[in-house]
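Quick notes on the structure that follows.
The values are calculated or read from the model by the stated rules, or taken from the named source; none is laboratory data. In this text the structure is predicted, and so the values were computed from the model without any measurement. Note that each Cβ is placed from the backbone with ideal geometry, even for glycine, and that neighbours are counted across all protein chains shown. Quick note on the areas: whole protein, heavy atoms, side chains included, nothing else; ligands and nucleic acids left out. Shrake-Rupley method; radii C 1.70, N 1.55, O 1.52, S 1.80 Å.
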Amino acid sequence: MHATVWDDRPNSGGSGSRWPVVLVHGILTWGTDPRYGFAAQRPLAARRRLLLMDRRGYGRSPDIARSDWAVDAEDIVELLGTGAHLVGHAYGGVGALAAAVRRPDLVRSLTLIQPGALRPAARHPVVAEALARARAATAALPPDLTPADFLRGATESVGMETPEATPERLRAAATTMAELPCWDAEIDLGPLARAAFPQLLVSGDWEGAPEPYRTYAGLPLIACAEEIAAATGAAHLVVPGHYPHTQQPERVNAALEHLWEAADQG
């Protein structure tokens, strides 16, 4: 499992009083990817050490037969070391949730950007419909589907532009196709409700997104974030757009830095 380290502090040889940060990406991407990953969070490396994880099968990490959010959680715990702030987006948010539940003593703060764990909010009607759709779609994937077909279908079907089919993107698509679905992850939120570290949920408002994307992904993700925030006592930040950390990096980065500084001083 590979992690890119960004540390642009003038005197980065010493850790100082600021804990490092582990960032975990979602599907179809990798840690440093400018389109869906955390490239826009590079300015935060001016004040602290960032570890951008490439989940197994993505980026510079080795191939894996089937990616798995629970295995991701084990890798995240390893990256946390003796303690770090933790940020997870989409599928990576599910692994981050599981890691924080498993080892809350290593988490200095937890930020989830539109996490893909729908099961905790399954009673919400919008989320229940999304779960049924996701399960049916996964079961209906044809055995001869190629990564290029999957990449195109995952984007064009909801009105989004398909990314260029680079070798890196196609490898990410191939891994995504075989992943253990994260929306059905059963994660007990009780330990997070009792945790001492601060927590933040970040959502887009999904205004201006293509209507199919907003209906099938945006509304369930917003409802899910609201449910998780309510269950854990986390703050919930809503910003314009549908990819908060890439479309609104200044606002998201400012919120992250504020959370981290407050946690470090506490």
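Just a yes or no: is a residue in segment 224-247 assigned to a helix (DSSP H, G or I), within 25 Å of P34 (Cα to Cα), open to solvent by 20 Å² or more (accessible area, probe 1.4 Å) and modelled with pLDDT of 95 or more?
Scanning segment 224-247, I find at least one residue that is assigned to a helix (DSSP H, G or I), within 25 Å of P34 (Cα to Cα), open to solvent by 20 Å² or more (accessible area, probe 1.4 Å) and modelled with pLDDT of 95 or more, so the answer is yes.
How many residues are out of contact with any helix residue (DSSP H, G or I) (no Cβ under 9 Å at 6 or more places or on another chain) and hydroxyl-bearing (S, T, Y) when one looks only at segment 239-266?
The qualifying residues number 1.
With the condition kept exactly as written, say whether any residue in segment 248-256 is assigned to a helix (DSSP H, G or I), closer than 22 Å to A73 by Cα and at pLDDT 95 or above.
Yes - at least one qualifying residue is present in segment 248-256.
Quick one: in segment 60-88, which of the residues that are under 14 Å from the mean Cα position of the chain (by Cα) and assigned to a strand (DSSP E or B) is farthest from P20 (Cα to Cα)?
Here the answer is G88.
Is it the case that A178 is modelled with pLDDT under 95 and farther than 19 Å from D68 by Cβ?
no
Note down all Cβ pairs under 8 Å where the first residue falls in segment 31-51 and is within 11 Å of T246 (Cα to Cα), the second is of a type in the set (G, A, S), and they're at least six residues apart or on different chains.
Filtered contacts from segment 31-51: D33/A39; D33/G59; P34/A40; Y36/G26; G37/G31; F38/G31.
For segment 22-29, state whether one or more residues are open to solvent by 10 Å² or more (accessible area, probe 1.4 Å), under 17 Å from P181 (Cβ atoms) and either among the hydroxyl-bearing types (S, T, Y) or touching an Asp or Glu at 6+ places or on another chain (Cβ under 6 Å) (or both).
So far as segment 22-29 goes, no, none of its residues is open to solvent by 10 Å² or more (accessible area, probe 1.4 Å), under 17 Å from P181 (Cβ atoms) and either among the hydroxyl-bearing types (S, T, Y) or touching an Asp or Glu at 6+ places or on another chain (Cβ under 6 Å) (or both).
For residues in segment 109-131 being part of a helix (DSSP H, G or I) and either touching a helix residue (DSSP H, G or I) at 6+ places or on another chain (Cβ under 7 Å) or open to solvent by 60 Å² or more (accessible area, probe 1.4 Å) (or both), which is farthest from P181 (Cα to Cα)? Full working, then the answer.
Kept after step one, since they are part of a helix (DSSP H, G or I), are these residues of segment 109-131: 119-121, 125-131.
Now drop any that are not either touching a helix residue (DSSP H, G or I) at 6+ places or on another chain (Cβ under 7 Å) or open to solvent by 60 Å² or more (accessible area, probe 1.4 Å) (or both), which leaves 119-121, 125-127, 129-130.
Values: R119: 11, P120: 14, A121: 16, P125: 20, V126: 18, V127: 15, E129: 16, A130: 13 Å.
Of everything passing the filter in segment 109-131, P125 is farthest from P181 (Cα to Cα).
Applying the selection to segment 184-215, what residues are part of a loop (DSSP other than H, G, I, E, B) and open to solvent by less than 30 Å² (accessible area, probe 1.4 Å)?
Within segment 184-215, A185, I187, L189, A195, F197, W206, A209 meet the criteria.
Take the residues in segment 39-54 that are of a type outside the set (G, A, S) and out of contact with any strand residue (DSSP E or B) (no Cβ under 7 Å at 6 or more places or on another chain); name whichever of them is nearest to E179 (Cα to Cα).
Just the residues of segment 39-54 that are of a type outside the set (G, A, S), to begin with: 41-44, 47-54.
Right, trim to out of contact with any strand residue (DSSP E or B) (no Cβ under 7 Å at 6 or more places or on another chain) and you get 43, 47.
Values: P43: 31, R47: 34 Å.
Per the criteria, the residue is P43.
Quick check on my filter: what residues within segment 137-183 are surrounded by 13 or more Cβ atoms within 10 Å (Cβ to Cβ), within 19 Å of D63 (Cβ to Cβ) and free of Cβ contacts under 8 Å to residues at least 24 places away in the same chain?
Residues satisfying the conditions are T146, A165, L170.
Would you mind stating whether G57 is more than 28 Å from A193 (Cα to Cα), outside any helix (DSSP H, G or I) and touching a residue at least 40 places away in the same chain (Cβ under 8 Å)?
Working: more than 28 Å from A193 (Cα to Cα): yes; outside any helix (DSSP H, G or I): yes; touching a residue at least 40 places away in the same chain (Cβ under 8 Å): yes.
So G57 fits the description; yes.
What pairs come out if I take residues in segment 238-266 that are within 15 Å of R42 (Cβ to Cβ) and among the β-branched types (V, I, T) and pair them with residues that are in a helix (DSSP H, G or I) and at pLDDT 95 or above whose C-beta lies under 7 Å away, six or more apart or interchain?
Cβ pairs passing all conditions: T246/A40; V252/P244; V252/H245.
Take the residues of segment 30-59 that are open to solvent by less than 10 Å² (accessible area, probe 1.4 Å) and either charged (D, E, K, R) or more than 20 Å from the chain's Cα centre (by Cα) (or both): which is nearest to G153 (Cα to Cα)?
D33
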